[in-house]
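Have a look at the structure below before the remarks.
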Amino acid sequence: MSTGKASAIIAAGTMVSRLLGFAKMVLLAVAIGQSGSLAAEAFGMANQLPNNVYALVAGGVMSAVLVPQIVRASKGADGGASYVSKIVTLGGTVFLLLTVVATLIAPLLVDVYAVSAGADGRGFSAEQMALAVALAYWCMPQIFFYAIYTLLGEIYNARSQFGPYTWAPVVNNLVSIAGLGVFILMFGNDKINRSIDVWDWDRVTVLGAVTTGGVAVQALVLVLFFRKTGLDFKLDFGWRSVGLGATGRAASWLFGIVIIGQIKGIVQSRVASLGEGANIATMQNSWYIFSLPHSIIAVSIAIAFFTRMSHHAARTDMPGIRQDLSSALRSVGMLTTISALVLAVIAVPFSRILEGGFDPTLAMPFTIWAFLVCLVAFSAEYVLQRVFFALGDTRTAFVYACVGMFITFALLWWASTLPAEWVIAGTALAVSIANLISCAVWLVLVRRKIGQFGFKLIGLRHIQYLAYGLVSAAAGFGVVLALGGYRAGGFGTVNIAGAVTTCIVAGVVMGAIYFGLLFITRNPDFRATVGIVLDKFRRGRPAPEAVEPV
């Protein structure tokens, strides 16, 4: 499968999944509220605990180790079947034990991640802590299902079978949407459920079962379609003498990164729990919106290129890695630049979709804007790290994680000193600044690792993207302003329908101007990206790849 076709499959599945995920997020806000909702804040805390583990795993821990190892193992006589059986058995066992332990200590984890209300009233009340613990018992099993999904998914990726891994979350979201609809029919909307007082075991059970059930079905999809990888799986506890030593050495450094990431997550969560108005739920949903273009664009492109870079690394083909990196960074930058500007322009009417009025709506845009500061750099860093992972170097990532942890701590301390109503936005900005610094460091590290990879060309392209993006942003701002998207009572904020319409119109105008400018100026990265999309619809004919020399 060509890289272009693989990226198109991944992007299409991710886009559908994210759109359904947004629908799920809206339904959740309808069910339990968002900013100012004590119940939403408690659920956000409970659901965050397994998601923290998943984010670390899906963010590169398993993929960094498994994809290169599976690619190497596939050269064996059995095509890697023995290795896969042993590693899945090992991973499933470890994460099952981890899930059991995490579920048993759920009250302790909630205490660690949330600050209990003190004399100043800032933090979680006793009632909120109790609700968060009750929901956490239901959410913790997600760790196992997320791990199985990610573990099997990386096997699919290494075997260039991207479809099931990408489309399984669609099933998750459909199950969750249906379940949330049942919850609303049974218990009403956020006007009732945002209060802690109404939460009994019936509400906890239904919401917990819906949330975790969707993740379980997501993992089940990969189990049912596993034969598409061309491998047979059987439980195998004979973990010696099958090349797991190399995996263990690489994983040892990544385990250190997991620990550091968990520590950073705890500090960030405790700081966020001090916020008022905008709360943890607001921050999580803002992050989801921020991550939409990253997931659809950067991850889709990076996964496809990472598999190819792993093959280049296995052949010690450094020019191939440099060319792939340059192409991936330019493509990702072109699309994330306009995405960041579109989200910035429509942040206010977009937030109105999740909030009940104009005043609470203002709590979310500042958080979105703070996250968007680093979107382009965040996606670029994701691509840059894959170079080291393809080369089997996870030690460098650990060393920098140690340094980056203290940078993040300093920035989060600053956020904690802000007035309560600005804590969430300040936390988001702290995360963004830390990511900007991290991206700059990774550029230097990659340059030292593989040599020149066309940074001058990449920089010039990004300047061009920004210039075209600012022109389109000015037009988009005018559209939202004209439709009353920045004021109370305007068409763009008076109700959900007006907000959705305003977002769509502004987005279409900005996209048409931006991509129109790229087309008129014959930007080669734009032509290459169009080729990727068209490749999805070709039968048997490869798309032309416009790759500039590096």
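No lab work stands behind these numbers, since they all come straight from the coordinates. Quick caveat: nothing in here was measured; it's all calculated off a predicted structure. Using ideal geometry, Cβ is built from the backbone for each residue, glycine included, and neighbour counts are taken over all protein chains shown.
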Apply the Karplus parameterisation 6.51 cos²θ - 1.76 cosθ + 1.60, with θ equal to phi minus 60°, to every residue of region 129-145 and state each ³J(HN,Hα) to the nearest whole Hz, in sequence, with x for glycine and proline. 4, 5, 5, 4, 5, 4, 6, 4, 4, 7, 7, 4, x, 4, 4, 5, 5
Separation of alpha-carbon centers, region 472-534 and region 431-451, rounded to whole Å: 31
Spelling it out for Gly277: with amide H atoms placed in the peptide plane at 1.01 Å from N, the residues 5 or more places away or on another chain with amide H under 5 Å from its amide H are Gly36
What residues qualify as long-range amide H neighbours of Arg194, i.e. H under 5 Å apart, gap of 5 or more or another chain, H built at 1.01 Å from N? none
Backbone HN-Hα couplings from phi across region 169-176 [Karplus 6.51/-1.76/1.60, Hz, Gly and Pro as x]: x, 4, 5, 3, 5, 5, 5, 5
Taking the Cα-to-Cβ direction at Val500 and at Leu235 and moving 7 Å from each Cα, how far apart do the two end points lie in nm? 4.7
Residue by residue, what Karplus-based ³J(HN,Hα) values in Hz, rounded to whole numbers, does region 392-408 have, using 6.51, -1.76 and 1.60 with θ = phi - 60° and x for Gly and Pro? x, 9, 9, 5, 4, 4, 5, 4, 5, 4, 5, 5, x, 4, 6, 4, 5
By the gyration tensor of its Cα atoms, with a ≥ b ≥ c the square roots of the eigenvalues, what is the shape of region 410-521: rounded for a/c under 1.5, prolate for a/b over b/c, or oblate? oblate
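So how much slack lies between Arg315 and Val198, counting 0.36 nm per residue of separation and subtracting their Cα-Cα distance, in nm?
Values: separation 117, 0.36 × 117 = 42.12 nm, distance 6.15 nm.
Gain in length upon complete extension: 36.0 nm.
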4 °C / 1.567 mPa s Stokes-Einstein diffusion coefficient of region 326-407, Kirkwood radius on C-alpha pairs, µm²/s: 86
Residues whose built amide H sits under 5 Å from the amide H of Ser116, excluding neighbours closer than 5 in sequence, are Phe124
Protection-proxy order for peptides 174-184, 407-417, each taking the mean of Cβ atoms within 10 Å per residue, highest first: 174-184, 407-417
